[in-house]
Amino acid sequence: MRAGHGVEPLDVVPGEAMGGYADRTAGVSGTLDPLEVHAVTFAGDGHRFALVVADLVCVNADVAARIRAAVRDLGVDSCWVAATHTHASPEAGCAPGGAPTPASLAERLVLASARAVRAALADERDARLHAVRVHVPGLGDRRALPDPQAVDLPVDALVVSSGAGEVVGVVAVSPVHPTVLPETNREVSADLTGGIRRALQGGDRWVVVATGAAGDISTRHTRRARDRAEIDRLGATVAEHLPLTAPPQDGLERPSVVAPASARPRPSVLAPASARVRLDPKRPEDLAAALAEAADARDAGERHRSVLRQGRAIARDLRSRGRTQPYEIEVEAVRLGDVTLVAVPGELFLDLGEAVRARSAPDGSPVIVLGYTNGYLGYLPSRGTPTSYETLVSPVAEGSGERVVEAAVEAVAASARPMAESRFAAGAGALVDRVLATQMPAIRRAAGLVADALAAGGVLQTFATGHSRAVALELTGRAGGLAAVSMLAVKDLVMFGGVDPALVLDPTYERTPGLAERIYALAEPDPADVFLIVSNSGINAAIVEMAQLARANGHRVIALTSLDHTRSSSARSVGGPHLADLADVVIDNCAPAGDATIELAPGTRIGAVSSFTGVLIAQVLAELVCRALLERGADLPVFVSANLASGDRHNAALYERYRGRVRPLEP
């Protein structure tokens, strides 16, 4: 592996608006310490990853995408952009749900990031990585509590050493809001992250400091003053507890230090893996209840009451917007040797960040969570958090933080796979895990319905349109598959019903009312037959009408569909029920709304997964049906490959057995 570091100043404009504090009205008046943009590059096994960390209150997805595009031309394959979350920086569009980055700041940030990455590339050299974790007393505390509680906060560090074992750099991650400076401050500063940087620097060693799961942690109860000297005192506290030494050779745990799980770190740099998660916005009634609960804060101090007033104002604004469309974010993980970094585009609470670490690394391999990275959604509180500023201004429903944890765990699992070089392959592997973890009860119920139908002399009737036909085809006329499966399709109208082929070639023909009735009539299903209807969207006329017809004629109906798409407000609007509303059993293919999983550029998505997961579900379903039939003592009508010597004779006997019930597939 090779690693390099670069740093560039981030220019500020006198008088420009400052971010972080809602009650701050004055603009930038000067500089306490310069704002910086750091870049660290890691290259190995054909992939180069860059981490950009900027002294800003947040980075939104729009400017992160521009930076990724800019550094791609420099030879960087993947890039994350993080904010330190200093509240002494220019306003960057840091609003609940995210906002556009001010144009002037975006231009300066893109330029500084590209220069920092270029410097990091020039600095690349052979490197070894190991992770260190220490617990630091007196650094911060839970900010919403009225009284301080003694908490030793976990600080993580990714230590970069030369091949000779000399420490050349460190990426430290602090789970603390960098808000030592007050809301009255008008001078730009990196605040606490800058203090930690200065304290850890020594000789030629470079230092980058990012902010982790700091949503509910600040220096409110631990700071003794609100000035540069206090910043440096707290930075020195971190440096006192954080050992920056060469990587351990024995792989053993040492006091306050977590060594790598392996004594021989892998040199690989794998492409980041991602997991998308859709988070419901707060309901108006939930916002109203929170506002009512927050109205009574008479026992709190004046500053606390002031912060709650700001929170109530933001919550009222959220309520007035009346948003119903879910927020969609992407949580990513990247594997660098034996260390995994996780990127969360929001303010995750500390216990949720610790949950990601605990659940992602049961073997003790290091996982480091970065917040404020690749976008800004807002606060992501833990379920059950009492009403506070953080819960008031969070734009998402309670429980969203836990859903982000699930997505992070999924991304970490995918990032460890060698196929993570392909985002589709990594994401598909994670989807297999999700399908098997969540859909087996529904698949088992569906298998019971199919086994009952076959035992009663019926067959499985499959119906699908578009690319969902691949799933129906997987179950039909296939070597190792059940013979008692008949595939219904729109093309039946041409092959058996005399319809003009030109009509069927229209990709929108499946939306035509009345098609399903004609297809059903041509098939003449037996009352004992069971239907499996496959549709990712579950909304087109032929699909919905076939489900309605099957139910009306006494058939049990199994739906294989994307519930995410069905429930999405971005789905094409149609009147009446969806496929999922009409089925006895619903199996979720776990595909996202729109099916495509990888955003290569704004507005451009690739990597549809519904066929992939659908085929997996189809084969698991077929296996469980066969097992159920064996348990009942029934024979298994299963095809063998036609390319085996006995194949034609064996399969011909099965086709004869189901003559008139199952149509042979065309070549």
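The values are calculated or read from the model by the stated rules, or taken from the named source; none is laboratory data. Bear in mind the structure is a predicted one, so any value in this text is a computation, not a measurement. As a convention, Cβ positions derive from the backbone with ideal geometry for all residues, glycine included, and neighbour counts pool all protein chains shown. Heavy atoms of the whole protein, side chains included, go into the accessibility calculation; ligands, DNA and RNA do not. Shrake-Rupley method; radii C 1.70, N 1.55, O 1.52, S 1.80 Å.
If we keep just the residues of the stretch 474-494 that are part of a helix (DSSP H, G or I) and touching a residue at least 24 places away in the same chain (Cβ under 8 Å), which is farthest from Leu560 (Cα to Cα)?
Ranking the qualifying residues of the stretch 474-494, first place goes to Leu493.
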Inset, instruction - Test Asp33 against the criterion of being modelled with pLDDT under 95, over 25 Å from the mean Cα position of the chain (by Cα) and more than 29 Å from Ala164 (Cβ to Cβ), and give yes or no. - result: no
Inset, instruction - Considering only residues that are open to solvent by 10 Å² or more (accessible area, probe 1.4 Å) and closer than 30 Å to Tyr509 by Cα, look in the stretch 448-466 and name the one that is farthest from the chain's Cα centre (by Cα). - result: Thr465
Inset, instruction - Can you confirm whether the stretch 160-179 contains a residue that is in contact with a His (Cβ under 6 Å, 6 or more places away or on another chain) and either open to solvent by 30 Å² or more (accessible area, probe 1.4 Å) or aliphatic (A, V, I, L, M) (or both)? - result: no
Inset, instruction - Restricting attention to the stretch 349-397, report how many residues are under 26 Å from Leu318 (Cα atoms), among the charged types (D, E, K, R) and touching a strand residue (DSSP E or B) at 6+ places or on another chain (Cβ under 6 Å). - result: 1
Legend entry - Residue in the stretch 585-607 that is at pLDDT 95 or above, more than 22 Å from Ala430 (Cα to Cα) and not basic (Lys, Arg) present: yes
Inset, instruction - Kindly establish whether Leu392 is in a helix (DSSP H, G or I), of a type in the set (A, V, I, L, M) and in contact with a Lys or Arg (Cβ under 7 Å, 6 or more places away or on another chain). - result: yes
Legend entry - Single residue of the stretch 588-613 satisfying the filter (small (Gly, Ala, Ser) and part of a strand (DSSP E or B)) that is most open to solvent (accessible area, probe 1.4 Å): Ala608
Legend entry - Residue in the stretch 514-532 that is in contact (Cβ under 8 Å) with a residue 40 or more places away in the chain and within 21 Å of Val609 (Cα to Cα) present: yes
Legend entry - Flag if Gly498 is at pLDDT 90 or above and assigned to a loop (DSSP other than H, G, I, E, B): no
Legend entry - Test: residue in the stretch 261-282 that is modelled with pLDDT under 70, β-branched (Val, Ile, Thr) and under 31 Å from the mean Cα position of the chain (by Cα): no
Legend entry - Qualifying residue in the stretch 550-569 (condition: in a helix (DSSP H, G or I), out of contact with any His (no Cβ under 7 Å at 6 or more places or on another chain) and loosely packed, with under 13 Cβ neighbours inside 10 Å): yes
Legend entry - Selection from the stretch 372-416 of residues that are charged (D, E, K, R) and open to solvent by 20 Å² or more (accessible area, probe 1.4 Å): Arg383, Glu398, Glu402, Arg403, Glu406, Glu410
Inset, instruction - Could you please tell me which pairs satisfy a Cβ distance under 7 Å, a separation of 6+ or placement on different chains, a first residue in the stretch 293-313 that is under 20 Å from Gly384 (Cβ atoms) and open to solvent by less than 50 Å² (accessible area, probe 1.4 Å), and a second residue that is assigned to a helix (DSSP H, G or I) and modelled with pLDDT under 75? - result: Ala297/His304; Ala297/Arg305; Leu308/Ala294; Gly311/Ala294
Inset, instruction - Take the stretch 108-167 and flag every residue that is touching a Gly at 6+ places or on another chain (Cβ under 6 Å) and under 30 Å from Ala358 (Cβ atoms). - result: Leu129, Leu153, Val160
Legend entry - Answer from Leu616, Leu582 - the residue that is more than 21 Å from the chain's Cα centre (by Cα), under 19 Å from Arg444 (Cα atoms) and open to solvent by 40 Å² or more (accessible area, probe 1.4 Å): Leu616
Inset, instruction - Output the residues belonging to the stretch 524-542 that are of a type in the set (A, V, I, L, M), crowded, with 22+ Cβ neighbours inside 10 Å and modelled with pLDDT of 95 or more. - result: Val530, Leu532, Ile533, Val534
Inset, instruction - Please go through the stretch 200-230 and pick out each residue that is more than 34 Å from the chain's Cα centre (by Cα) and hydrophobic (A, V, I, L, M, F, W, C). - result: Ala225, Ala229
Inset, instruction - Determine whether Asp45 is open to solvent by 10 Å² or more (accessible area, probe 1.4 Å) and closer than 23 Å to Ala214 by Cα. - result: no
Legend entry - Criterion (open to solvent by 50 Å² or more (accessible area, probe 1.4 Å) and either farther than 27 Å from Asn643 by Cα or at pLDDT 95 or above (or both)) met by exactly one of Arg445, Arg469: Arg445
Inset, instruction - Within the stretch 110-152, track down each residue that is among the aliphatic types (A, V, I, L, M) and over 27 Å from Phe49 (Cβ atoms). - result: Val136, Leu139, Ala144, Leu145, Ala150, Val151
Inset, instruction - Considering every residue within the stretch 6-28, establish whether at least one is basic (Lys, Arg) and under 25 Å from the mean Cα position of the chain (by Cα). - result: no
Inset, instruction - Answer yes or no as to whether Arg68 is touching a Phe, Trp or Tyr at 6+ places or on another chain (Cβ under 9 Å) and open to solvent by 40 Å² or more (accessible area, probe 1.4 Å). - result: yes
Inset, instruction - Give me a count of the residues in the stretch 477-530 that are touching a His at 6+ places or on another chain (Cβ under 7 Å) and among the acidic types (Asp, Glu). - result: 1
Legend entry - Output for the stretch 166-204, where each listed residue is closer than 21 Å to Val155 by Cα, β-branched (Val, Ile, Thr) and assigned to a strand (DSSP E or B): Val167, Val168, Val170, Val171, Val173
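Considering each of Asp55, Asp77, Asp33 in turn, give the residue that is of a type in the set (D, E, K, R), open to solvent by 50 Å² or more (accessible area, probe 1.4 Å) and in contact (Cβ under 8 Å) with a residue 60 or more places away in the chain.
Matching residue, one of Asp55, Asp77, Asp33: Asp77.
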Inset, instruction - Could you tell me whether any residue of the stretch 104-114 is out of contact with any Cys (no Cβ under 9 Å at 6 or more places or on another chain) and part of a loop (DSSP other than H, G, I, E, B)? - result: no
Inset, instruction - Give the stretch 326-339 a look and list any residue that's within 28 Å of Ala593 (Cβ to Cβ) and part of a strand (DSSP E or B), or say none. - result: Tyr327, Glu328, Ile329, Glu330, Val331, Glu332, Ala333, Val334
Inset, instruction - Note down all Cβ pairs under 8 Å where the first residue falls in the stretch 374-389 and is free of Cβ contacts under 8 Å to residues at least 24 places away in the same chain, the second is open to solvent by 10 Å² or more (accessible area, probe 1.4 Å), and they're at least six residues apart or on different chains. - result: Arg383/Glu398; Arg383/Glu402; Gly384/Glu398
Legend entry - Considering residues of the stretch 340-365 that are assigned to a loop (DSSP other than H, G, I, E, B) and surrounded by fewer than 23 Cβ atoms within 10 Å (Cβ to Cβ) only, the residue nearest to the chain's Cα centre (by Cα): Ala361
